[in-house]
Structures are given as C-alpha cells and as structure tokens.
Amino acid sequence: MTPRTSSFVHADVCKLPVGIIGGGYAGMAAAVELTRHGVPAVVLERSTVLGGRARCVHTDGYALDNGQHLLLGAYTELLRLMRFLRVPPRVLERRALELRTASGELHFLAARAPAPWHLALGLWRAHGLDWNERLACLRLMRLLRRKRPLPEPLRSVTELLAYTRQPERLNRLLWHPLCISALNTRPEEACAHTFQHVLQDSLGAAAPASEFLVPRCDLSELFPVPAARFLGSHGARVHVSATVKAIRPLSEGGFMLEGTGFIETRVGHLIIAVAPYHVEPLLAPLLPKYPELVKRIQNIEYRPISTTWFHPGADWRTPHPILALTQGPAQWLFDRSAFGDPQGLWALVASASEPASAEAHTTAVWQQLRRELDRPLSPPKWARTVTERRATFACLPEFERPPIRTPMPGVFLAGDYLDPRYPATLEAAVRTGIVAARTILRGMSKRAS
Ligand SMILES: Cc1cc2nc3c(=O)[nH]c(=O)nc-3n(C[C@H](O)[C@H](O)[C@H](O)COP(=O)(O)OP(=O)(O)OC[C@H]3O[C@@H](n4cnc5c(N)ncnc54)[C@H](O)[C@@H]3O)c2cc1C
C-alpha cells in the first residue's frame, strides 16, 4: 500500500520539524505527542483561535461554545492528555449518567455501584419504564456488551433496535435521542456498529466511563490552549492566522509549506489535521496517482448541528440542568448556570436536522421548550441559533474510514473522520492525532537503529 521513495527517506528529514496543518483537537494532540517525545513540531492554524470545530464564538457580547460540547468519561485519550498538561480537573463537571426527560416521562440515574450493577440497579429504580421496557433495555445492552461484531445483516440502528425488539416508546424516549446526539445521524441511516462501539465503551464499561463531563470553561481552554502553552515552552511552534495553501515535496527530502500568515517552512514529515472538506486542495496535488483516496474523502456526507442559546427570563427554571427532549427539533437542554457560566444561558442542541433559517429554528425550539416543560415561560431576554452545517460526517454504515497513513511517504492524516471506532467526537480527533504522531515516531526510531 505504501511505496517508499529514496528521496524521502533521507536521514536529514528526521532532524526537521514535523509540520502539522490544523490546530483543532487532532492537530494539537499530534503536536503534544511528538513534543513530549522530543520531536520538534510546527502547528499552522488558519483561524485566529485554536480548537477548530470545538471553539468559543463571540456574539452580541456573549461568549458561546459553538456546539455545547459534552464529553464522556470514556474519552480516555483526551482525558489522559489533559492530565499530562495539568489541566485542572475543575474545568469539567463530572455527573453520573442521568437521563431525565423534560416531560418527566423517563428518569434514569446510574447507581453508585461497580459495572454492570450501576446500570442494572439504575434500570431497576428507573422512573417511567415498565418491566417490558426494562427487559428490552437489558436485551440490547447484553448484545452490545459482547465483544463480537453484531450479526451481519444489521446495518442501521433502526434495524438493531428492531432485532432486539425495543418497544416504540423506549425508542422515542431513549434510543433515538441517544443515537442522534452521539452519531449526529438519524437512526434509520446511522451505523449500528458505531452505535455499538459508543455504547460498549460508555454504558458497557466501568461506571466512570458513562459519566457526563460538562465543560465549565471556554472549549479552547479545555485542551488546545494548555497544549499550545506546553508546546511553546518545549521548543515547538504554534502559528495562528497561518493558512497553508500548498505543499511542495522537496527532492532533498521533506516538504516546503507555503501559504499566508507564516514564513515558508521546511518540514520533514507532515500531518494534515484539517476537516475532511478542507483536505482535497492540500492532498490531491501530492497524490496524483491515488485519486480514489481523495475522492473517498470528497464523497463524505455531513450532517448539521444547531445550538440555540437563550438568555432565560426571570421565571425560567428546570428540574435538572441537563434534560433530554423528545419532541424535536432539539434533543438536549443544558442550563449553563449550573456549570459555572456567569452568563447563565440555556443551550438547546438539535443534531442531524437542517433548519430552514436561524429565526425559524429559534422559534421552533422556543415553542418546543414551552411544550416539553409544560408551563408558560416569559420570553427570553436574548436568543441566538448557531448552525454548523458540516458539523460532523454522517455516520453511515457504508462509510469506510480513510487510512491515517497516506500512500505518499511522510504524509499522514489526522481528524475525527479517521477513527475506525467512534463517530465524529473530540476523542476520535485526539486518538487519530496520537496515532499519526506515534507512526512517525516509530518510523524515526527504526531509521535511527
Ligand atoms: C456544533 C458541534 C457540536 C459538537 N458536539 C460534540 C460533543 O458534544 N462531543 C464531542 O465529543 N464532539 C462534538 N463535536 C465534534 C467535535 O467538535 C469534532 O469531532 C472535533 O472538534 C474535530 O476535531 P478535528 O481536529 O478533527 O477537526 P477540526 O476541529 O475541524 O480542526 C481542523 C482545523 O484545521 C484548520 N485548517 C483547515 N484548513 C487549513 C489550512 N489550509 N491551513 C491551516 N489550518 C487549516 C481549521 O481552521 C481547524 O481549526 C461537535 C461538533 C460541532 C460542530
């Protein structure tokens, strides 16, 4: 698969920095991994802030998370890097897995017990489930906990739910909202295997893996900014407002990076850590003999996420700071005042649906809120919908992840769309950054020995 050219395997390239295009979670994870092993890295990020799709948006004097990101205890690699960077644990609020619908129809709280008893006891005590629904939950969890792949004909989440005879009400209250928010893809088209992996590594693992970790700080401060501080104090370089426009392979080995906002830079290896829709102009000229890889990335489908922010009126109260919504368009409500947000905003997240317009969506979510909380609310003091149209790739059964190592020697990809196990998440992005960095490190140590 990977041809080697003699020009590239020049001893000199190992002394050059590794170039990383993109300062999102994938690119910054790769840079930290290389730097902590003593390999110099240079990160080029075209935006003015680090963090990519997980960033802070400033609007009307408010500082907002562009998507109300939620982490899980199962994000082992991101959490490991945060510990390494000494990010204080208080930036994340840890909460036991709790699913409480705004309507009060369902309330599940994982018990304080070792796995799998935290779920079994939680189900036993759950409010709003009959015995048939409890047994159906256990049936699905038993299938998902198996380390074996799912039976072959099962492709979509809808097929998986039908196969395990989930009652319609349970689908509506639990599985559909979980699938849409975890995979950003509707159950009828979402990949059953990826859903299995998410549930296996969270609900099916030790109790802390299923905990919700809610950021109490700006998303850049969660990881990319502490990472940049570490890189800066260990000899690596991070440039923002630096757009790479061309990559020129050099006959003497390595690559010349050209663009705006930075001085032409020669690098030995390269990690292209941009979103898939930005890959083509960078990768296609390097891979004229492999158009199928570029095409595969170009053909990726995307799904949007809309987040509606409300500055609540004085009479706005929730029974719990995180509520599941079941009537659409939004699936989750977060009362940010419970997470140290001085603005005290409410965020309502609607995954996998394209709003006709921001105004229409804001109105629809406002009506949904009143309906599901089932009481009159004074109008919000301020409201805004932020839609990321290409928020994540569509997690479809037929989507085969491109490889991290490209056919061009010395060129690697990193990003949430490459991890074979997870949907587009911060954890998937970080994992692929680490894999790309470790592959380079292994290659270097082989050449040195
Ligand atoms: C609204 C929304 C809500 C989400 N909610 C969650 C959630 O709750 N939990 C979760 O785990 N995940 C969530 N995600 C997914 C998560 O944000 C992404 O999976 C992750 O941020 C992707 O990181 P990445 O590094 O792969 O790519 P990106 O974040 O896209 O980073 C790529 C970077 O490359 C830069 N770049 C592009 N082209 C160039 C160039 N030519 N030169 C230099 N730089 C370039 C870009 O500016 C960008 O900073 C959400 C995403 C969105 C949009």
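The values are calculated or read from the model by the stated rules, or taken from the named source; none is laboratory data. Owing to the predicted nature of the structure, the values given are computational and were not obtained by experimental measurement. Ideal geometry is used to build each Cβ from the backbone, glycine not excepted, and the neighbour counts take in all protein chains shown. Just so you know, the surface numbers come from the protein's heavy atoms only, side chains and all, with ligands and any DNA or RNA stripped out. Shrake-Rupley method; radii C 1.70, N 1.55, O 1.52, S 1.80 Å.
Which of rounded, prolate, oblate describes segment 18-97, given a ≥ b ≥ c as roots of the alpha-carbon gyration tensor eigenvalues and a/c under 1.5 marking rounded, otherwise prolate only if a/b is larger than b/c?
Values: a/c = 2.42, a/b = 1.18, b/c = 2.05.
Oblate shape, in that a/c is at least 1.5 and b/c is the bigger or equal ratio.
Excluding Leu203 itself, calculate the net charge of residues whose Cβ lies under 13 Å from the Cβ of Leu203, where each Lys or Arg counts +1 and each Asp or Glu counts -1.
On the way: positive: Arg142, Arg145; negative: Glu98, Asp201, Glu211.
Neighbour charge sum, excluding Leu203 itself: -1.
Which of the lysines could be linked to Lys295 by a straight reach, that is with a Cα gap under 28 Å, when you skip same-chain ones fewer than 8 residues away?
Leaving aside lysines fewer than 8 places away in the same chain, those within reach of Lys295 are Lys245.
Once you put a point 7 Å from the Cα of Ala162 and another 7 Å from the Cα of Arg375, both along the Cβ direction, what distance in nm separates them?
Those two pseudo-labels are separated by 4.2 nm.
In square angstrom, rounded to the nearest 10, how much accessible surface does Arg145 have for a 1.4 Å probe?
Approximately 100 Å² for this residue.
Segment 369-448: which trypsin sites (Lys or Arg not before Pro) are DSSP loop and have at most 10 other beta-carbon atoms within 10 angstrom? Walk me through the numbers on the way to the answer.
Values: sites: Arg370, Arg371, Lys381, Arg384, Arg389, Arg390, Arg405, Arg421, Arg431, Arg438, Arg442, Lys446, Arg447; in loops: Lys381, Arg421.
Of the trypsin sites (Lys or Arg not before Pro), not one in the loops of segment 369-448 has a Cβ with at most 10 other Cβ atoms within 10 Å.
Which residues make up the longest stretch of the chain clear of GluC sites (Glu not before Pro) that lie in a DSSP loop with no more than 16 other Cβ atoms within 10 Å, not counting the sites?
On the way: sites that count: Glu105, Glu188, Glu252, Glu264, Glu301, Glu398, Glu400.
The reported range is 1-104.
By its C-alpha gyration tensor, with a ≥ b ≥ c as the square roots of the eigenvalues, how is segment 224-348 shaped: rounded for a/c under 1.5, else prolate for a/b larger than b/c, else oblate? Could you put the intermediate results ahead of the total?
Details: a/c = 3.97, a/b = 1.92, b/c = 2.06.
Oblate, since a/c reaches 1.5 and b/c is not below a/b.
How much FRET efficiency would the formula 1/(1 + (r/R0)^6) give for Lys289 and Glu354, where r is the Cβ-Cβ distance and R0 is 56 Å, rounded to 0.05?
Values: r = 37 Å, r/R0 = 0.66.
Once rounded, the FRET efficiency stands at 0.95.
Could you provide, to the nearest whole Å², the per residue accessible area of segment 38-105 with probe 1.4 Å? Please report the intermediate quantities before stating the final value.
Details: 3060 Å² over 68 residues.
I get 45 Å² per residue for this part.
How far apart, in nm, are two points set 7 Å out from the Cα along the Cα-to-Cβ line at Arg145 and at Arg390?
4.1
Taking all pairs of distinct Cα atoms, average 1/r, flip it, and tell me the Kirkwood hydrodynamic radius of segment 110-206 in Å to one decimal place.
Working: mean 1/r = 0.0735 Å⁻¹.
For segment 110-206, the Kirkwood estimate is 13.6 Å.
Of the beta bridges DSSP finds with both residues in the chain, what % are antiparallel, to the nearest 5?
On the way: 47 of 61 bridges.
Just about 75 percent of them are antiparallel.
Extension gain Arg36-Ser241, at 0.36 nm per residue separation less the Cα-Cα distance, in nm?
Values: separation 205, 0.36 × 205 = 73.80 nm, distance 2.48 nm.
Additional length available on full extension: 71.3 nm.
How long, wide and thick is segment 322-449, going by the Cα atoms along their three principal axes, in whole angstroms, largest first?
71, 35, 21
Let me have the 222 nm mean residue ellipticity of the chain computed from DSSP H runs of 4+ only, each contributing -39500 (n - 2.57), with the sum over all residues rounded to the nearest 500. List each step's numbers first, then the result.
Values: 13 runs with 134 residues, N = 449.
Helices in the chain give a 222 nm mean residue ellipticity of -9000 deg cm²/dmol.
Would you mind getting me the FRET efficiency between Tyr277 and His127? Use the beta-carbon distance for r and R0 = 51 Å, nearest 0.05.
About 0.75, to the nearest 0.05.
If a/c stays under 1.5 just call it rounded; otherwise compare a/b with b/c (prolate if a/b is bigger, oblate if not). Do that for segment 144-249, with a ≥ b ≥ c from the square roots of the Cα gyration tensor eigenvalues. Please report the intermediate quantities before stating the final value.
Numbers: a/c = 2.66, a/b = 2.05, b/c = 1.30.
It is prolate, given that a/c is not under 1.5 and a/b is the larger ratio.
Using 7 Å Cα-to-Cβ label points, what is the Asn299/Gln367 separation (nm, one decimal)?
A separation of 4.0 nm, rounded to one decimal place.
Which net charge results when you count Lys and Arg as +1 and Asp and Glu as -1 among the other residues whose beta-carbon is under 12 Å from that of Gln68? It would help to have the intermediate numbers written out before the result.
Numbers: positive: Arg336; negative: Asp65, Asp335, Asp341, Glu388.
Neighbourhood net charge equals -3.
Hey, could you pull the Cα Rg and Dmax for the chain, both in Å?
In order Rg, Dmax, the Cα atoms of the chain give 22.7, 72 Å.
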